[in-house]
1. Of all GluC sites (Glu not before Pro) in region 1-50, which ones are in loop regions per DSSP and have a Cβ with at most 13 other Cβ atoms within 10 Å?
2. Given the Cα-Cα distance of Arg184 and Met66 and 0.36 nm per residue of separation, how much length would full extension add, in nm?
3. Tell me, what is the per residue accessible area of the chain in Å², probe radius 1.4 Å?
4. With +1 on the Cβ of every Lys and Arg and -1 on the Cβ of every Asp and Glu, and nothing else charged, how large is the dipole of region 77-222 about its Cα centre, in debye rounded to the nearest 20?
5. Report Rg (one decimal) and Dmax (nearest whole number) for region 1-87, counting Cα atoms only, units Å.
6. Compute the Rg/Rh shape ratio of region 112-154: radius of gyration over Kirkwood radius, all on alpha-carbon atoms.
7. How large is the charge dipole for region 73-142, taken about the Cα centre, if only the Cβ atoms of Lys, Arg (+1) and Asp, Glu (-1) carry charge, to the nearest 20 debye?
8. When the accessible area of the chain is split by element with a 1.4 Å probe, what percent falls to carbon and sulfur?
Amino acid sequence: MNRPEYRNAQNSAMTYALDEAFYRAAEDDEVKVVVLAGAGPHFSAGHDIGTPGRDADRTFPRKAGMWWDHAGKAGAESRFARESEVYLGMCRRWRELPKPMIASVQGACVAGGLMLAWVCDLIVASDDAFFADPVVRMGIPGVEYFAHPWVMPPRVAKEFLYTGDRMPASRAYELGWVNRVVARDALEEETFALAGRIAAMPRMGLALTKKAVNQAEDLQGMHAGMDAVFGLHHLAHAHNAETGEDSLGGQDVSSMKAAEQ
């Protein structure tokens, strides 16, 4: 991800560029392991809700689902179509990429940034990395790819969401959803060393092992649970739009940043 001036906030242009890169990685027999990283001091500050490059109203060639183009539509019809494509749909497809994926996380990994890290099989984090999903402040029950109760114990997930507090990499490691915590200046080296070890394994064995673990998660309700929460997510957006100024509960980049802990 290469929008460091905006903490790699995810506009549609970057999201579709990631999608294209993942397709190329899947098709290239020379690629054994995929590493997802963010340029600059932060992995990702989440969805783009206020940069000059925000492009939520633009049309892009849809690939993740069969919903119609969101552009030019109004209200829930537009938002549900777009987020079914660029958030839940793409993340689900990336999770199924049949090669191991490692997220290399430094600095902020917030809200939509969590989705990008969580679709990866492994997470290597720097010792200054932190994780947060503060969107309950918007009246919304977590980000669209709602992996929280599978990534961490349910009571921890509730605290994580209820408070919106930052979780340091050390705590995420204790909970088992970060694989390794390393010094910031060693993050790239340690990530690629791990990738190299995995790359030596048989490709088909890795692909089948990944599919086996993903299937186990889905048998534990992950796929159906995400569908249910995605509906609640959009109910929250609609409620905000009916009762307030906008679908984000009146929050913007400045107010969300001011409330960070």
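The values are calculated or read from the model by the stated rules, or taken from the named source; none is laboratory data. What you see is a predicted model, and the numbers here were worked out from it, not measured in a lab. Don't worry about glycine lacking a Cβ; one is built from the backbone with ideal geometry, like all the others, and counts go over all protein chains shown. Heads up: the accessible areas ignore ligands, DNA and RNA and are worked out on the full protein's heavy atoms, side chains in. Shrake-Rupley method; radii C 1.70, N 1.55, O 1.52, S 1.80 Å.
1. Numbers: sites: Glu5, Glu20, Glu27, Glu30; in loops: Glu30.
Sparse-neighbourhood loop GluC sites (Glu not before Pro): Glu30.
2. On the way: separation 118, 0.36 × 118 = 42.48 nm, distance 4.13 nm.
That works out to 38.4 nm of additional length.
3. Details: 12640 Å² over 261 residues.
Ligands and nucleic acids excluded, the figure is 48 Å² per residue.
4. Values: 17 positive and 18 negative charges, 71 e Å.
With only Lys, Arg, Asp and Glu charged at Cβ, the dipole is about 340 debye.
5. Calculated on Cα positions, Rg and Dmax stand at 14.3, 44 Å.
6. Details: Rg = 11.1 Å, Rh = 11.5 Å.
Looking at region 112-154, the ratio lands at 0.97.
7. 300
8. The computed percentage sits at 56.
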